[in-house]
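The values are calculated or read from the model by the stated rules, or taken from the named source; none is laboratory data. On a predicted model such as this, the values are computed, not experimentally measured, just so you know. Using ideal geometry, Cβ is built from the backbone for each residue, glycine included, and neighbour counts are taken over all protein chains shown.
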């Protein structure tokens, strides 16, 4: 049972996922600082970003029963900001770099990579075309 757990942990995709989570957490701090120190002051300069009137009290006079839709809107705006920063700072440049590397290697970047099924079919067809495979006529050496 421990060997199975060790095999699971040592897989490349688990390690990659762990690294991605750590980097994502660190990157979130950067984006939050960007949002708090650049975006929020700009929004405040234009007219403010107070969404507190968008909440309701389930029981009037009891602050513990306040449903804060403003916090939800703020979290959604922060999510969109994080997604935009990740896309424009990381994803788009990496796609451009990938295209440039493909062009350098002589690969047309517009042509999609074959799927796993297509590759397996091609391998099967190549193996089936080899002499001595089941379904193939075998050659006997002249003696």
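Taking the stretch 82-122 as the range and being touching a helix residue (DSSP H, G or I) at 6+ places or on another chain (Cβ under 7 Å) and either within 30 Å of residue 36 (Cα to Cα) or assigned by TED's automatic domain parsing to the domain that holds residue 34 (or both) as the test, the residues that pass are 82, 85. Checked against the criterion of being out of contact with any strand residue (DSSP E or B) (no Cβ under 8 Å at 6 or more places or on another chain), at pLDDT 80 or above and on the phi < 0 side of the Ramachandran plot, the candidates 76, 51, 66, 8 yield just one match: 76. Can you say whether residue 85 is within 19 Å of the chain's Cα centre (by Cα) and in contact (Cβ under 8 Å) with a residue 24 or more places away in the chain, as far as the supplied structure shows? The answer is yes for residue 85.
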